[in-house]
Amino acid sequence: MSRIIFCTFLQKKSEGQDYPPYPGELGKKIYNQISKVAWKEWKLQQTKLINEEKLNMFNRNDRKKIEEYMKLFLFKNE
């Protein structure tokens, strides 16, 4: 049975994540507020950002930058 949540990104009810897709408190927030569809959109955007900005996910500063982009992208309506 799928879990239905109100997705703050899509601003409508949608199927929720099966598990928190990110660690920590931010992961819990994503699990509770971001649908599978919205998360898929973020993953596409993330790939574009990594490629365009030539980010290295082994670099801590680049990972922090992607996390900030993720917060802006997913929670822009807050």
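Please enumerate the residues belonging to segment 33-64 that are more than 30 Å from residue 2 (Cβ to Cβ) and surrounded by 14 or more Cβ atoms within 10 Å (Cβ to Cβ). The answer is 55, 62.
The condition (being over 21 Å from residue 2 (Cα atoms), modelled with pLDDT of 95 or more and of a type in the set (D, E, K, R)) is satisfied by just one residue among 28, 71: 71. In this structure, residue 13 does not satisfy being out of contact with any His (no Cβ under 7 Å at 6 or more places or on another chain), surrounded by 11 or more Cβ atoms within 10 Å (Cβ to Cβ), at negative phi and not in a strand (DSSP E or B). When residue 5 is tested against (1) touching a Ser or Thr at 6+ places or on another chain (Cβ under 7 Å); (2) part of a loop (DSSP other than H, G, I, E, B); (3) buried (at least 16 other Cβ atoms within 10 Å of the Cβ), exactly one condition is not met: (2). The residues of segment 20-78 that are assigned to a loop (DSSP other than H, G, I, E, B) and on the phi > 0 side of the Ramachandran plot amount to a single one, 54. Number of residues in segment 12-32 that are in contact (Cβ under 8 Å) with a residue 24 or more places away in the chain, in contact with a helix residue (DSSP H, G or I) (Cβ under 8 Å, 6 or more places away or on another chain) and farther than 16 Å from residue 69 by Cβ: the value is 1.
The values are calculated or read from the model by the stated rules, or taken from the named source; none is laboratory data. Model, not experiment: these values are computed from the prediction. Cβ sites come from the backbone with ideal geometry, for glycine too, and all protein chains shown count toward neighbours.
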